[in-house]
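Heads up, the thing below is written out as structure tokens.
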Amino acid sequence: MFTIIIKADFETLGKISEKLDELKSFQHKEFMINKLYLQRFTRNEFVESLGVPVCPYCNRNFVNSAKKRTMCDLDHFYNKDEYPLLAVSFYNLVPVCHSCNHAKGTKNIDYSPHDKKYKTNDLVNFDFYLRSMNFLYNSKDIGVEIEESKQFVRNIKVLKLSEVYQIHSDIVQDCIKR
Ligand SMILES: [Zn+2]
């Protein structure tokens, strides 16, 4: 039973989570989180085997790791306090940057990078707008706009992606100049 939950693909995890909604108090919280996840789960090995170089929540910060050093946090897409049975399910764990992990906390988002139903280009597109005609001299006069699909709205809001992407107005400025 545990093996099935641990190895379940993302779609199956969704189905399991719906069933767990009715069983929240019977999910062996102590065992799953304190014993399995915090003590037994080989976090660095897991992250290294995924080989994900950039945080898939923001696509901005590097999360690459080497054997002894990891630069990422592990987010539980279905948060472990509410769904302790999914605390070590591979497809529930997302290697993310500290900033995204902090912003998400125990909040829920709608899209997981493990969800193969969607392609990133279908979920999000970028545009820009000009705040003043001084934009060629001051990149802060360029605003970065995110056009998101319905499935991605909560990700943008919870992970504060509109705010963090404003810093990349210099790249937009560079593109305009070229
Ligand atoms: Zn991130």
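The values are calculated or read from the model by the stated rules, or taken from the named source; none is laboratory data. These figures come from a predicted structure and were not determined experimentally. Don't worry about glycine lacking a Cβ; one is built from the backbone with ideal geometry, like all the others, and counts go over all protein chains shown. Calculation scope for accessible area: heavy atoms of the full protein, side chains included, ligands and nucleic acids excluded. Shrake-Rupley method; radii C 1.70, N 1.55, O 1.52, S 1.80 Å.
Observations on the structure shown:
- Complete set of residues in the range 100-158 that are within 11 Å of the chain's Cα centre (by Cα) and aromatic (F, W, Y): Y111
- Within the range 35-83, tally of residues that are of a type in the set (D, E) and more than 21 Å from N108 (Cα to Cα): 2
- When the test is whether a residue is farther than 22 Å from D9 by Cα and either modelled with pLDDT of 90 or more or not in a loop (DSSP other than H, G, I, E, B) (or both), H102 passes it.
- All conditions in (1) more than 30 Å from R40 (Cα to Cα); (2) in a loop (DSSP other than H, G, I, E, B); (3) in contact with a helix residue (DSSP H, G or I) (Cβ under 8 Å, 6 or more places away or on another chain) hold for I156, with the sole exception of (2).
- In the range 131-151 there is at least one residue matching the filter, namely being in contact (Cβ under 8 Å) with a residue 40 or more places away in the chain and assigned to a helix (DSSP H, G or I).
- One residue stands out among those in the range 105-130 that are assigned to a helix (DSSP H, G or I) and either within 16 Å of the ligand (Cβ to nearest atom) or at pLDDT 95 or above (or both): the one that is most open to solvent (accessible area, probe 1.4 Å), which is T120.
- Members of the range 156-167 found to be open to solvent by 50 Å² or more (accessible area, probe 1.4 Å), in contact (Cβ under 8 Å) with a residue 12 or more places away in the chain and under 15 Å from V124 (Cβ atoms), listed by number: K160
- The listed residue being within 15 Å of the chain's Cα centre (by Cα), within 16 Å of the ligand (Cβ to nearest atom) and in contact (Cβ under 8 Å) with a residue 12 or more places away in the chain, out of F77, F90, F10: F77
- The range 32-47 residues that are within 14 Å of I6 (Cα to Cα), paired with ones that are among the β-branched types (V, I, T) (beta carbon under 6 Å, 6 or more apart): L36/V88; Y37/V88; F41/V88
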